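Student: My structure is below; once you've seen it, I'll send some questions.
The values are calculated or read from the model by the stated rules, or taken from the named source; none is laboratory data. What you are looking at is a predicted structure, and each value in this text was computed from that prediction instead of being measured. Note: ideal-geometry Cβ built from the backbone for every residue, glycine included; neighbour counts use all protein chains shown. In case anyone asks, the SASA skips ligands and DNA or RNA and just uses the protein heavy atoms, side chains included. Shrake-Rupley method; radii C 1.70, N 1.55, O 1.52, S 1.80 Å.
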Amino acid sequence: MERYKSLALLGGGALLGSLSTFFLLRLLQTQKKSVRRQCTENGTAETNGFEGCTIAGKSDKVVSDDLLKDEIVSEQLTRNIQFFGFESQQKVSASYVVVIGLGGVGSHAATMLLRSGIGKLLLVDFDQVSLSSLNRHAVATRADVGISKAQCLKEHFLSIFPECQIDAKVMLYDSSTEEEILSGHPDFVLDCIDNIDTKVALLAACVRRGLKVLSATGAGARADPTRIRIADLRESTNDPLSRSVRHRLRKEHGIEGGIPVVFSLEKPKVKLLPFKAPTGEEENPSDYQIVPGFRVRIIPVLGTIPAIFGQVMASYVLTDLAGLQVQTEPVVNFDMDHYHILHQRLIEHEELLYGTAMQVQVDVEEVMYIAKELWHGRSAREQHAKDVGRGMWRSINELMLVRWDSTKPASISNLILLKFNEVDEHESQTLEDIKEKEPEFYSRVIAVLKRAENDFA
């Protein structure tokens, strides 16, 4: 009898779930928005030789704080709410994000921002969907070939999350369109542009306006997803596009860093394809440029890599908007030999200073965690990377681990990385001296060591 009761309860639950899903779907269908496939004449402008336009929609509205009160929206975003918590998801849903460049990287970033409940999106690109871009675009189909990328995304997006306020602009970013694109106090700007001139201008404008920006570097010609990283622009040493952008920002705008970028440590697997005219002969690509400075030669692309770049960007932005702290993997060019050296130096220093190494409570793997994860391969006194690439490799010659608090053992939560010339000064002071003279440094170190304590609790 008990068995039949259980089966009856299970059956009733399944029926109830099916009925609720059915009615939710019916409600969704009644709320579905009609999609417009053409630019309105309203707002049409000539920019850079292109006719720019704004796709008609509800972009003039303010992001609603009550978005999650909608039953369908809250059900659609259930997993996000469970992950972030209701209040944090509210922050995400009340946010406004601008995505510039809607190709392989930008389309995937924008798609996941939408699916994660961003309340307002501005989609910007001057280009059209081509047949060859379908290998990497997030939502485009053959039916979309020939229409603008901005329009394509907006149409698909309205069927996924119609409550999002989506503004689509078919235009090229430059100084003449800066105000139209960057006004409105966006919470984040995603730079998914693959042209150096435009990218440099956008990043400089975001820094000047005090806007949060995340930039994507070269995703083409690569195949290894495990080598994709997020770091400061200063640290993206292996990427040719990053190198050029970094040089231009420093030379033309005095910007040294402070801009997070998504990049790959992998060296490009293939090169730009030679440009051939209709006759089959190689010609000068610049003779065929529609827009000055834009690449005409083709970079071979494995579609999975730009897609992952876009997903990484969306994840970074979402966690930031939600207030969830995520420690990205630092770019540290050390190998196991370097960590063995640091471990040996610690033992020798302990023996010299205390007469014994008995209080060294870390092994080589834990030294790797301390040097890489906690201190990012640089002195605790350096907030930003100065030695990158081969410079970081050489910097091991002047680094060592020492106790933060001399009264406690040399454990994971009591070791800091310093340069040789910083050690004597540190060990001649008490923690109270440091706290009084350098409160910011003191607080920063305490926060890092607290993280170590929590990680190994």
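Student: Within the accessible area of region 393-457, what % is carbon and sulfur when the probe is 1.4 Å and the other protein chains stay in place?
Tutor: Looking at region 393-457 in its full context, I get 48 percent from C and S.
Student: Let me ask something else about it. Quote the accessible area belonging to Thr111 in square angstrom, nearest 10, computed with a 1.4 Å probe and with ligands, DNA and RNA left uncounted.
Tutor: For Thr111, the solvent-accessible surface is approximately 10 Å².
Student: Shifting gears a bit: Over 31 Å between Cα atoms, which of Lys251/Lys437; Lys91/Lys435; Lys267/Lys372 qualify?
Tutor: Lys251/Lys437; Lys91/Lys435, as the Cα separations exceed 31 Å there.
Student: I've got another one for you. Calculate the spin-label point distance for Ser315 paired with Glu256, positioning each point 7 Å from the Cα along the beta-carbon direction, and give it in nanometres.
Tutor: Inter-label distance under the simple model: 3.1 nm.
Student: While we're looking at this one, here's another question. If Lys and Arg each add +1 and Asp and Glu each add -1, what is the summed charge of the other residues whose beta carbon sits under 13 Å from the beta carbon of Gly303?
Tutor: Result for the neighbourhood of Gly303: +2.
Student: Excluding same-chain residues fewer than 8 positions from Lys154, which aspartates and glutamates have a Cα within less than 19 Å of its Cα?
Tutor: Partners found: Glu41, Glu51, Asp60, Asp125, Asp127, Asp144, Glu163, Asp167, Glu180, Asp191.
Student: Could you check how much of the accessible area of region 91-243 is carbon and sulfur, as a whole percent, using a 1.4 Å probe?
Tutor: 49 percent
Student: Tyr173: accessible area at probe 1.4 Å, nearest 10 Å²?
Tutor: Number for this one is 10 Å².
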